[in-house]
Amino acid sequence: MNGLPYYKAYPRDFVEGTIGMRFELKAAYRLILDMIYMQGGRLPDDARYVSGLLGCSVRAWKKYRDELISLGKIQAENGVISNFRADKELETLAKLQDKQRENASGPRKNKGLQKPRPDHTEPEPKERDKSLSTRVTRFDEFWNVYPHRGGVKRNRKGSLQKYTAAVKRGVDEETLIEAAKVYAKDRRVIEGYARDPVTWLNQEGWTDEPAPSQQNGGYDPQQDKWDYIAKHGSSAGWRAANA
């Protein structure tokens, strides 16, 4: 067994168990315990080796060794120095390590378990894929059919942002494109009063009703007033003409 870099020292037991021992013997006993654990419970009973680690003479170590054996603190058999508690601790550790290795090499208990269903805060995979697939693919078509005022196309970036926002809210791109085509035929647009695409999208222009045609007898005085204001910037002239 490999040695341990650390172990349970049980300081109270050590202090109480060494009462009456002189300081040099206590120090030697403490270091011997460290070496036993470092050697995995099998410290060689070699006087030169042990005395070298303790930093004392061979003669001094032999004296400490005999005293510790007589006090029952260590055992020396078959060329090995051991300690009863150290043997128990190392045996317990060996069993724990064997159990851990057994568990690691065995089949996982949860291998056959199904993945738990997502809760209400997490969409199902199909729903999540569907939300991710909501992407703008036909903005160029919308941009080309939209009736730009004076034929000048302005603020494409802002229009794309508003268009994308509408699509993300669930508005179908086909709806936006067809509505733009209808708006291009609107009487007000033909007369030169087309809204910028950003404004049209921001005001949800695809929900507007087309202006009535004068040719079909659908004259709308109120709309005529707003058209006049849009063209002249004031309703003063319109009121005078319609007094």
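The values are calculated or read from the model by the stated rules, or taken from the named source; none is laboratory data. Given the structure is predicted, the values throughout are model-derived calculations rather than measurements. Quick reminder, even Gly has a Cβ in these numbers, built from the backbone with ideal geometry, and neighbours come from all protein chains shown.
Listing for the model above:
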| quantity | calculated |
| --- | --- |
| Helices (runs of 4 or more DSSP H) contained in segment 133-188 and holding at least 2 residues of a type in the set (G, A, S) | 156-168, 173-184 |
| Breaking point among (1) farther than 21 Å from E91 by Cα; (2) modelled with pLDDT of 95 or more, for L31 | (1) |
| Boolean, A94 is outside any loop (DSSP other than H, G, I, E, B) and of a type in the set (G, A, S) | yes |
| Residue list for segment 61-74, restricted to those being touching a helix residue (DSSP H, G or I) at 6+ places or on another chain (Cβ under 7 Å) and either within 12 Å of I32 (Cβ to Cβ) or surrounded by 15 or more Cβ atoms within 10 Å (Cβ to Cβ) (or both) | W61, Y64, E67, L68, K73, I74 |
| Residues satisfying the stated conditions in segment 70-88, i.e. in contact with a strand residue (DSSP E or B) (Cβ under 7 Å, 6 or more places away or on another chain), in a strand (DSSP E or B) and of a type outside the set (S, T, N, Q) | V80, I81 |
| Every residue from segment 10-40 that is under 18 Å from K62 (Cβ atoms) and hydroxyl-bearing (S, T, Y) | Y29 |
| All positions within segment 151-173 that are under 14 Å from R138 (Cβ atoms) and either surrounded by 13 or more Cβ atoms within 10 Å (Cβ to Cβ) or modelled with pLDDT of 95 or more (or both) | S159, L160, Y163, T164, A166, V167, V171, E173 |
